[in-house]
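The values are calculated or read from the model by the stated rules, or taken from the named source; none is laboratory data. These numbers were taken from a predicted model, which means no experiment stands behind them. Because the Cβ atoms are built from the backbone with ideal geometry, glycine has one as well, and the counts that use them run over all protein chains shown. The area values use the complete protein model at the heavy-atom level, side chains included, leaving out ligands, DNA and RNA. Shrake-Rupley method; radii C 1.70, N 1.55, O 1.52, S 1.80 Å.
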Amino acid sequence: MIDETVYQDYFNSLLAGRRAGCMEIVGPLIQNDFAADTLYTDLFQRSLYQIGELWEQNRISVAVEHLATAVTESLLSAVYPRILSNRSPLGRRAVISCSVNEYHQVGARMVADILDSQGWDAWFVGANTPTRDLLLLIEEKKPDIVGLSVSIYFNMAPLMKMMEIIRAHYPDLELLVGGQAFRWGGVEALRTFPNTTYIPSLRALIQTVQAEGRA
């Protein structure tokens, strides 16, 4: 676990957009062999959720929210070498993408990193990926799973359309779907898609892939 005092110091630096201050906190955690998964769940995800809540309450601007996201992505790059140094390859593949029209990509990137940390080979496609191009990548990489992320509820309809097209081409391909948009609904609609699992958090993702690894 991340000590609460450490978390608050980190969050205050993140809210102020102090990238160097955030790295001064994260750096020693990396050097002390702190689990990358814990950094992602208890520091990065938690703080971004808190930033998002402040934005929803009109207590911070879009610029501040974007700055916090940019700082977090730079920290993910700093942690990633640690992930690679400790992973044990499983020989399983994943393609992770944001839905069409979705430009909030940090959550999907963290999903790809977590899968890498668990021994998967994960390809992170990024924001606003056209469905036809995602299908080409699926054909090329032949993944065991495809993960789709949506953060804004207004992008739920494009996500569902994307899933329909993927399912038409790959009826047996396992889909993992998640993102902050589902706080406002949409989970029930996923039940109409076979072989689809809703992932509400990074911790749930870790539990799911570890269970699959033991299967």
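Observations, loosely collected:
- Accessible area (Å², per residue) of the chain, counting only protein heavy atoms and a probe of 1.4 Å: 49 Å²
- Of the trypsin sites (Lys or Arg not before Pro) in the range 126-195, the ones in a loop by DSSP (not H, G, I, E or B) with at most 11 other beta carbons within 10 Å are 191.
- Kirkwood hydrodynamic radius over Cα pairs of the range 120-176, then Stokes diffusion coefficient at 37 °C and 0.692 mPa s, in µm²/s: 276 µm²/s
- Rounded to 10°, Cα long-axis angle of helix 106-117 versus longest principal axis of the chain: 80 degrees
- Packing rank of 110-118, 37-45, 192-200, 65-73, where each peptide gets the mean count of other beta carbons within 10 Å, highest leading: 110-118, 37-45, 65-73, 192-200
- Label-point separation, residue 164 to residue 50 (7 Å along Cα→Cβ), nm: 4.1 nm
- Working note: 222 nm ellipticity from helices only, DSSP H runs with n ≥ 4, each -39,500 (n - 2.57), summed and divided by the residues of the chain, gives -17000 deg cm²/dmol to the nearest 500.
- The residue 58 and residue 32 beta-carbon pair, evaluated with R₀ = 35 Å, returns a calculated FRET efficiency of approximately 0.35.
- Two-decimal Rg to Rh for the range 1-72 - Kirkwood Rh, Cα set: 0.97
- Extension reserve of the residue 23-residue 211 stretch, reckoned as 0.36 nm per residue once the Cα distance is removed: 64.4 nm
- Cα-based helix-to-principal-axis angle, 156-169 vs the chain, degrees rounded to 10: 50 degrees
- Equivalent-ellipsoid semi-axes of the chain, from the Cα gyration tensor, Å, largest first: 29, 21, 14
- Label point distance in nm, residue 201-residue 140, each placed 7 Å from Cα along Cα→Cβ: 3.6 nm
- For the range 1-107, the carbon plus sulfur part of the accessible surface works out to 52%, probe radius 1.4 Å.
- In this structure the amide hydrogen of residue 96, modeled in the peptide plane, comes within under 5 Å of the amide hydrogens of 123, 124, 125, 147, none closer than 5 places in sequence on its chain.
- In Å², nearest 10: area of residue 49 left accessible to a 1.4 Å probe: 80 Å²
- Principal axis dimensions, the range 95-215 - Cα atoms, whole angstrom, descending: 35, 31, 26
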